[in-house]
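**Q** Pasting a structure below so you can have a look.
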Amino acid sequence: MKLTLRDRWLWSLASLMLMPALLYGQSADWPYWRGPNMDGSAEVTGLPEDWDPDGGEGSNVVWKRDDLGGPCTPIAMNGRLYSIQRYLPSTSREGERVVCLDAESGETIWENNYNVWLSDVPAERIGWSSVVGDQETGNIYVLGACDIFLCIDGNTGETLWKVPLHEQFGMLSTYGGRTNFPIVHEDLVIISGIIINWGDYAKPNHRLLAMDKKTGEFVWFSGTRDLPYDTTYSAPSLVTVNGQRQLILGCGDGSVWGFQPRTGKPLWNYQLSLRGLFATPLVVGDMVFCSHSEENADDASVMGAVAGLKISGKGDNTEVTEMWKHLEVVSGYSEPVYVDGRVYWVDDRCKMWVFDAKTGEPIVERKAFAGSRQRSALLYADGKIYVTTENGRWAIVEPTEDGFDVLSKGRIRDTGFGASPIVANGKLYIQSTTAMYCVGSGEGKQTQATLGGKLEPETPVSEDTEIAQVQIVPCEALVQPGQTIEYTVNVFNANGQKLETPDGVTITVDGKAAKIDGNKLIANQDAAHTGVDVVAEVNGVKGDARVRIVPPLPWKFTFDGMTDPPLSWVGARYRHVIRDIDGSPALTKVTTIPKGARSRAWMGPSDLSEYTISADVRGKRMSAQLPDIGLTAHGYVLDLMGQSQQLQIRTWSAQLRMAETVDFPWEEDKWYRMKFRVDLESEGAATVAVLRGKVWPRDEEEPKDWTVTARDESPNLASSPGLYGNAKVAELYLDNIEVVANDDSE
């Protein structure tokens, strides 16, 4: 038989899709933190009804790793486990790492470590989220603690592509360590977080970003409501309702939201709380079960609630209705499971609740069975519910007609469980704060499953071929003057399904900083520190994209004639304004916005290396407090600290692994000049960052010596220049900001 060119192409494509399975063999995976069904369940038999964490004679502990532990729930794919861990804890090189283990033996196969920089996340909260595995490519995806997003080859541990989302999008990483979970849908990997961006997206918003899972190209960028109260870590779930694919998650504005995963179009939202939602909603068919532990949206005097929602309609007519709700059920962290028409929930005090899924009728209310603090999700497998608690207690329970029976329970001293139990290849994997366990009976048999493999089918595309949405890819970009972007235009129906893009697409640009030539944008040679909106139109339907235009170094900002910070700066316009200070315009970090004490602004691309940033700075004393004023370079900050009257160089504020601090008295209402230089130097086979900072009164001659010097043996090799400020009640001012390559800095 002679194969046509199309036959050969299809055969090659099928071979590539099968490659991970051919490399590793078939396995019953747990590729997402709540499993392949995204609901904490698996089809498996032969799991143990008890376990002995001490691993004595006759124990069903297959292996144990005492050198691993933490809040990260591991995933399993192709016979391997993947977990996020601390790297070289409590050393000058501490960072974050993804660890890959052989699931059968527990032996380490590879590690991929990376730095944490310009983040408030404490080291103890590394691994707050989990990686997600893509069973098609064998790659894994991780959002690091500082919001560095990485695509890693699951076989070799090699980083295939990465993007620092804090620098290029303004994603926040805070002291709470709340880090969101990525999810894979078809050719996209989707991540969310609180983002303080640029242009029309300058205000804080819980936003979602979809990237091409193979290249990292930005496909769509969507959002919820401005000014959310909290950062959160509620994970997304995929579902098909009434023939429409949806992505559902809890967000920082206290609402559960539904989006179309291919386009990012918001479909519906339901506000449950005045604070952010941490627990991941459980999605079962057209029902969504959600909970929280803070002030209720409809009654702020009452804390906590659980609710059952129902989704109906599709497209612009998608709706959410409340089936039932119970107030004063305080369940802000743990995720429930669905068993035979019932929802099994464990509240924050580790009390079990059982509700009829459709009516909300309580079957069991606040029944104690193990522990006193609950954070991890429940696992339902082999007819049993596995529960691990924050104070080291655990229980295995069996659902019954009148509620549940406890099959076994116990406690591990001097540890706790923030990670959730998972099951893969017929074995349990349980990670505590101090160890990782593999538990099995030797008889476990598990059905193979793929992420989202059980999703209901969508309405056939042939039933709606009308173009309702237009998408431009890349949706976000950063270019230099004179550079070009070649756009791809995708079209979708109202159901969020991709159609064939017809001829006659028109692309236009709003603004004078760029022009369009066919499907290409060309940034003007004289454009600098600005941005443009790009609009594609197909049959009267429009879609848009955005571009920042930033020239190569050197840069200088005097703010003369400006009413706002430069348009292209990420994270600046919401927290900074231009004011007249001593007869000259200056960038002012304001104190009148809510929850805006600390701020970071990013000026350009993240591949800049070995440069010097300098600026005139001034602080105002208010309520007996002085602000902190900082310049950032290479992922480090030179911080002029007001209250402590010190000057500090650091990279990770919550873990001062390489910080250097000197006393530096300075006065309010007085202009100083700050200068911060970063060089990379070779020491044998190693690269070391040498950091130098100096501060002096602006009206005096620059001193020859540096005020403070630091070294980092685990250097950040490149990063966007930027600004840092900590001004809860006291304003700070900056002027005459300059960034130059080190060859030109002296």
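**Q** Looking only at residues in the range 715-731 that are hydrophobic (A, V, I, L, M, F, W, C) and within 27 Å of LEU626 (Cα to Cα), which one is most open to solvent (accessible area, probe 1.4 Å)?
**A** Ranking the candidates gives VAL729 first.
**Q** I need the full set of residues from the range 107-125 which are under 16 Å from CYS72 (Cβ atoms), at pLDDT 95 or above and open to solvent by less than 40 Å² (accessible area, probe 1.4 Å), in order please.
**A** ASN112, TYR114, VAL116
**Q** OK, next. Can we say GLY504 is at pLDDT below 95, open to solvent by 50 Å² or more (accessible area, probe 1.4 Å) and not charged (D, E, K, R)?
**A** yes
**Q** Right, next: If PHE492 passes every condition in (1) open to solvent by less than 70 Å² (accessible area, probe 1.4 Å); (2) over 29 Å from the mean Cα position of the chain (by Cα); (3) modelled with pLDDT of 95 or more but one, which one does it miss?
**A** (2)
**Q** Scanning the range 641-690 for residues that are in contact (Cβ under 8 Å) with a residue 24 or more places away in the chain, in a loop (DSSP other than H, G, I, E, B) and among the charged types (D, E, K, R), which turns out surrounded by the most Cβ atoms within 10 Å (Cβ to Cβ)?
**A** So the residue we want is ARG657.
**Q** Would you pick out the residues in the range 135-156 that are part of a loop (DSSP other than H, G, I, E, B) and open to solvent by less than 10 Å² (accessible area, probe 1.4 Å)?
**A** Once the filter is applied, which keeps residues that are part of a loop (DSSP other than H, G, I, E, B) and open to solvent by less than 10 Å² (accessible area, probe 1.4 Å), the range 135-156 yields GLY138, GLY144, ALA145, CYS146, ASP147, GLY154.
**Q** Counting only residues that are under 28 Å from THR651 (Cα atoms) and open to solvent by 20 Å² or more (accessible area, probe 1.4 Å), which one in the range 177-214 is nearest to the chain's Cα centre (by Cα)?
**A** ARG178
**Q** Looking at (1) of a type outside the set (A, V, I, L, M, F, W, C); (2) over 19 Å from TYR429 (Cα atoms); (3) open to solvent by less than 10 Å² (accessible area, probe 1.4 Å), can you tell me which one GLU57 breaks?
**A** For GLU57, the exception is condition (3).
**Q** Can you give me the number of residues within the range 246-299 that are farther than 29 Å from GLN471 by Cα, in a loop (DSSP other than H, G, I, E, B), open to solvent by 30 Å² or more (accessible area, probe 1.4 Å) and of a type outside the set (A, V, I, L, M)?
**A** Selection size over the range 246-299: 3.
**Q** Does GLY693 count as under 21 Å from GLU731 (Cβ atoms), in contact with a strand residue (DSSP E or B) (Cβ under 9 Å, 6 or more places away or on another chain) and either of a type in the set (Gly, Ala, Ser) or in a loop (DSSP other than H, G, I, E, B) (or both)?
**A** no
**Q** Is at least one residue of the range 367-374 crowded, with 19+ Cβ neighbours inside 10 Å and within 18 Å of MET303 (Cα to Cα)?
**A** yes
**Q** Here is a follow-up. Would you point out the residue of the range 422-458, among those that are hydroxyl-bearing (Ser, Thr, Tyr) and open to solvent by 30 Å² or more (accessible area, probe 1.4 Å), that is farthest from the chain's Cα centre (by Cα)?
**A** Among those that are hydroxyl-bearing (Ser, Thr, Tyr) and open to solvent by 30 Å² or more (accessible area, probe 1.4 Å), it is SER441.
**Q** While we're looking at this one, here's another question. Taking the range 61-90 only, how many residues are part of a loop (DSSP other than H, G, I, E, B) and under 30 Å from ASN155 (Cβ atoms)?
**A** Matching residues across the range 61-90 total 13.
**Q** Between a residue in the range 79-95 that is more than 18 Å from ALA435 (Cβ to Cβ) and of a type in the set (Asp, Glu) and any residue that is part of a strand (DSSP E or B) and open to solvent by 50 Å² or more (accessible area, probe 1.4 Å), which pairs come within a Cβ distance under 8 Å, given they are 6 or more apart or on different chains?
**A** Correct list of pairs: GLU94/ARG86.
**Q** Residues to consider are TYR386, TYR344; find the one that is part of a strand (DSSP E or B), farther than 22 Å from LEU277 by Cα and open to solvent by less than 30 Å² (accessible area, probe 1.4 Å).
**A** That would be TYR386, the only listed residue that is part of a strand (DSSP E or B), farther than 22 Å from LEU277 by Cα and open to solvent by less than 30 Å² (accessible area, probe 1.4 Å).
**Q** Does THR450 satisfy the condition of being part of a loop (DSSP other than H, G, I, E, B), touching a residue at least 24 places away in the same chain (Cβ under 8 Å), touching a Pro at 6+ places or on another chain (Cβ under 8 Å) and not small (Gly, Ala, Ser)?
**A** yes
**Q** Kindly indicate whether any position in the range 694-709 is of a type in the set (S, T, N, Q) and within 25 Å of VAL570 (Cβ to Cβ).
**A** No - not one qualifying residue is present in the range 694-709.
**Q** In the range 692-714, how many are under 20 Å from LEU647 (Cα atoms) and either hydrophobic (A, V, I, L, M, F, W, C) or crowded, with 19+ Cβ neighbours inside 10 Å (or both)?
**A** Of the residues in the range 692-714, 8 are under 20 Å from LEU647 (Cα atoms) and either hydrophobic (A, V, I, L, M, F, W, C) or crowded, with 19+ Cβ neighbours inside 10 Å (or both).
**Q** Just checking: which of the strands (runs of 3 or more DSSP E) contained wholly in the range 575-635 hold 3 or more residues that are under 30 Å from ARG657 (Cβ atoms) and touching a strand residue (DSSP E or B) at 6+ places or on another chain (Cβ under 6 Å)?
**A** Correct list: 598-602, 611-619, 628-633.
**Q** Let me ask you something else. Out of all the residues in the range 347-383, which are part of a loop (DSSP other than H, G, I, E, B) and among the small types (Gly, Ala, Ser)?
**A** ALA357, GLY360, ALA370, GLY371, SER372, SER376, ALA377, GLY383 - these are the residues of the range 347-383 that are part of a loop (DSSP other than H, G, I, E, B) and among the small types (Gly, Ala, Ser).
**Q** For a quick check of your reading: which strands (runs of 3 or more DSSP E) sit entirely within the range 511-565 and have at least 3 residues that are more than 29 Å from ASN493 (Cα to Cα)?
**A** Per the criteria, 555-557.
The values are calculated or read from the model by the stated rules, or taken from the named source; none is laboratory data. These numbers come from a predicted model, not from an experiment. All Cβ positions, even for glycine, are placed from backbone atoms using ideal geometry, and neighbour counts span all protein chains on display. Note: accessible area is taken over every heavy atom of the protein model, side chains too, but ligands, DNA and RNA are not part of it. Shrake-Rupley method; radii C 1.70, N 1.55, O 1.52, S 1.80 Å.
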